[in-house]
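The numbers here are math on the coordinates, done by the rules we state, and not lab data. The structure presented is a predicted model; accordingly, all values stated were derived computationally and were not measured. Positions of Cβ are generated from backbone atoms using ideal geometry, with glycine treated the same way; all protein chains shown enter the neighbour counts.
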Amino acid sequence: MKRSGDDIRSLVGLLDADLAHLDTLVLENAHAEERIIGGADDPLDYAALGYTIHNLYSLIENYLLRITKQFENNLDSATWHADLLDRMAAEVPGVRPRFFEPTEMDAFHELRAFRHVFRNIYRTRLRAEKVREVQRLVPEAVASFRRTHARFRDALLALAEELD
């Protein structure tokens, strides 16, 4: 598929909109965490915090899917969640720059795994200590994602200029 500079700029606009929505999700996450720090200890408080982590990671995953659909569009349906992250740590020469540095991947794989458990938990209870453990990853993962977005955005805009 031949891409134009306008195709790339359109993608940048969608990615920027996703990043702007991240701010709302970060505030919701902070609010849920503050309730727990303030002494809330009901399982529903941890479920609320888990829900905000789920939403943060879902936004990141959908953002990455936009990139994949623009450039590659061929993820294995059985393993695509993990494959998506791994693919974003690889540069595709002549097609697209890498999104993540390989050293940034651990926290995102942890968030992905937590989101999977959170979505599929129905026979067991959500463990408060696991929610707290994953929550500790959120601030740096979000900061890393913001930095990476800025770097990737610049690379995409340079690519758009080359295509024009």
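Here the label points at R132 and T103, each 7 Å from Cα along the C-beta direction, are separated by 3.0 nm in the simple model. Pairs of C-alpha atoms in the chain farther apart than 25 Å represent 35 percent of all such pairs.
Comparing region 73-163 with the 2.2 N^0.38 Å rule of thumb, its C-alpha radius of gyration ratio is 1.31 (two decimals). Here S144, S77 are placed in order of increasing Cβ neighbour count within 10 Å, fewest first, which gives S77, S144.
Projecting label points 7 angstrom from Cα along Cα→Cβ for E28 and V117 puts them 2.1 nm apart.
Normalising by the residue count of the chain, find the relative contact order in percent from Cα pairs under 8 Å and 6+ residues apart.
So the answer I get is 35 percent.
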